[in-house]
1. Filter region 134-170 down to the residues that are out of contact with any Ser or Thr (no Cβ under 9 Å at 6 or more places or on another chain) and open to solvent by 60 Å² or more (accessible area, probe 1.4 Å) and list them by number.
2. Suppose the filter is more than 11 Å from the chain's Cα centre (by Cα), surrounded by 14 or more Cβ atoms within 10 Å (Cβ to Cβ), away from ligand 2 (no atom under 16 Å from the Cβ) and under 13 Å from L229 (Cα atoms); does I119 pass it?
3. With the checklist (1) surrounded by 21 or more Cβ atoms within 10 Å (Cβ to Cβ); (2) closer than 28 Å to F104 by Cβ in hand, flag the one item I206 doesn't pass.
4. Considering only residues that are closer than 21 Å to I92 by Cα and within 16 Å of ligand 2 (Cβ to nearest atom), look in region 214-237 and name the one that is surrounded by the fewest Cβ atoms within 10 Å (Cβ to Cβ).
5. Taking region 49-65, which residues are surrounded by fewer than 18 Cβ atoms within 10 Å (Cβ to Cβ), among the hydrophobic types (A, V, I, L, M, F, W, C) and near ligand 1 (Cβ under 9 Å from one of its atoms)?
6. For region 17-38, how many residues are open to solvent by 50 Å² or more (accessible area, probe 1.4 Å) and more than 18 Å from the chain's Cα centre (by Cα)?
7. Name the single residue, out of those in region 149-199 being of a type in the set (K, R) and on the phi < 0 side of the Ramachandran plot, that is farthest from ligand 2 (Cβ to nearest atom).
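The values are calculated or read from the model by the stated rules, or taken from the named source; none is laboratory data. Please read all numbers here as calculations on a predicted model, not as lab measurements. Because the Cβ atoms are built from the backbone with ideal geometry, glycine has one as well, and the counts that use them run over all protein chains shown. Ligands, DNA and RNA are excluded from the accessible area calculation, which covers all protein heavy atoms including side chains. Shrake-Rupley method; radii C 1.70, N 1.55, O 1.52, S 1.80 Å.
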Amino acid sequence: MAIIVKNEQQIEKMRVAGKLTADVLEMIAPHVKRGVTTDQLNQICHDFIVNEQKAIPAPLNYHGFPKSICTSLNHVICHGIPCDKKLKDGDIINIDITVIKDGFHGDSSAMFFVGKRSILAERLAQNALECLYLGIKMVKPGIHLGDIGHAIETHAHKARFSVVQEYCGHGIGEGFHEDPQVLHYGKPGTGPILKKGMTFTIEPMINAGKRHSRVLQDDWTVVTKDKSLSAQWEHTLLVTDTGVEVLTQRSDEVI
Ligand code: MF3
Ligand code: CO
Ligand code: CO
């Protein structure tokens with residue numbers, strides 16, 4: 001499959017979808033607190049996307065995924081399914097939102113803390129955020145995706161954390177997951193070369209322990225094999241003439 005370079009009309013639709021995605025994460029933030037269930041977070045996001053944004057939550061029924069958002073708690077790496085479990089003091093949770101508006105996708109996720117923050121959880125979430133930001137700052141026409149993967153891997157390893165290899169970022173547009181695969185590890189000078197008009201995500205999954213993952217019986221929930229904590233942040237990006245536009249940047253976010 002080839003990488004789809006977007007034209008100006010398509011990019012404008014990506015901007016709209018990206019903004020809506022960012023708005024959902026901002027909307028849900030104050031609801032993430034002790035005692036709330038991940039099902040309740042799912043319902044609030046679903047209703048907001050469908051009723052307020054007049055948009056579609058992309059995960060719902062995607063390859064059979066049963067809910068409208070992904071909620072990945074503590075040692076869950078990604079694709080956590082909202083359920084009746086209540087958030088408790090000390091939990092960390094990634095909320096991953098993908099919205100379809102006018103045929104185009106926006107995809108973004110963020111970490112939230114419930115109550116007291118352990119030093120490890122804080123360091124891990126901070127390192128994962130730095131990995132995303134340093135990747136974003138490298139984006140411009142002419143660089144290789146391997147340059148980004150290598151920089152992310154190096155930054156995680158410096159903190160003695162590991163990088164999940166089984167899941168990656170992806171091209172995005174009319175498709176949820178388009179080419180290319182955006183690995184969060186790799187060698188400089190390898191992989192696809194970025195061109196103006198490409199749209200893709202960077203979404204590093206960083207583990208406090210070993211990098212290895214396994215999928216639970218529900219066929220979706222991805223956890224760390226060693227049950228260590230995992231953190232992830234994600235943005236949808238556009239390659240511009242001279243650099244990058246972050247299509248899912250939140251209003252309070254400084255990159
Ligand atoms: N939003 C995830 C990503 O960043 C994909 C979730 S697929 C689902 O690519 F089916 F689990 F929703
Ligand atoms: Co994604
Ligand atoms: Co996502």
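1. K137, T154, H157, K158, R160
2. Values: more than 11 Å from the chain's Cα centre (by Cα): yes; surrounded by 14 or more Cβ atoms within 10 Å (Cβ to Cβ): no; away from ligand 2 (no atom under 16 Å from the Cβ): yes; under 13 Å from L229 (Cα atoms): yes.
Judged against the criteria, I119 is not a match.
3. (2)
4. For region 214-237, the residue satisfying everything is W220.
5. Answer for region 49-65, where residues must be surrounded by fewer than 18 Cβ atoms within 10 Å (Cβ to Cβ), among the hydrophobic types (A, V, I, L, M, F, W, C) and near ligand 1 (Cβ under 9 Å from one of its atoms): L60, F65.
6. We begin by selecting, within region 17-38, every residue open to solvent by 50 Å² or more (accessible area, probe 1.4 Å); these are 19, 26, 30-31, 33-34.
Now drop any that are not more than 18 Å from the chain's Cα centre (by Cα), which leaves 30-31, 33-34.
Counting residues in region 17-38 that are open to solvent by 50 Å² or more (accessible area, probe 1.4 Å) and more than 18 Å from the chain's Cα centre (by Cα) gives 4.
7. So the first thing to find is which residues in region 149-199 are of a type in the set (K, R), and the list is 158, 160, 187, 195-196.
Right, trim to on the phi < 0 side of the Ramachandran plot and you get 158, 187, 195-196.
Working: K158: 25, K187: 23, K195: 20, K196: 21 Å.
Ranking the qualifying residues of region 149-199, first place goes to K158.
The rows are residues; the columns are (1) under 15 Å from W220 (Cα atoms); (2) within 11 Å of the chain's Cα centre (by Cα); (3) open to solvent by less than 10 Å² (accessible area, probe 1.4 Å); (4) away from ligand 2 (no atom under 14 Å from the Cβ).
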position	(1), (2), (3), (4)
K67	yes, no, no, yes
V76	yes, no, no, yes
H79	yes, yes, no, no
K88	no, no, no, yes
I92	no, no, yes, yes
D96	yes, yes, no, no
I100	no, no, no, no
S109	no, yes, yes, no
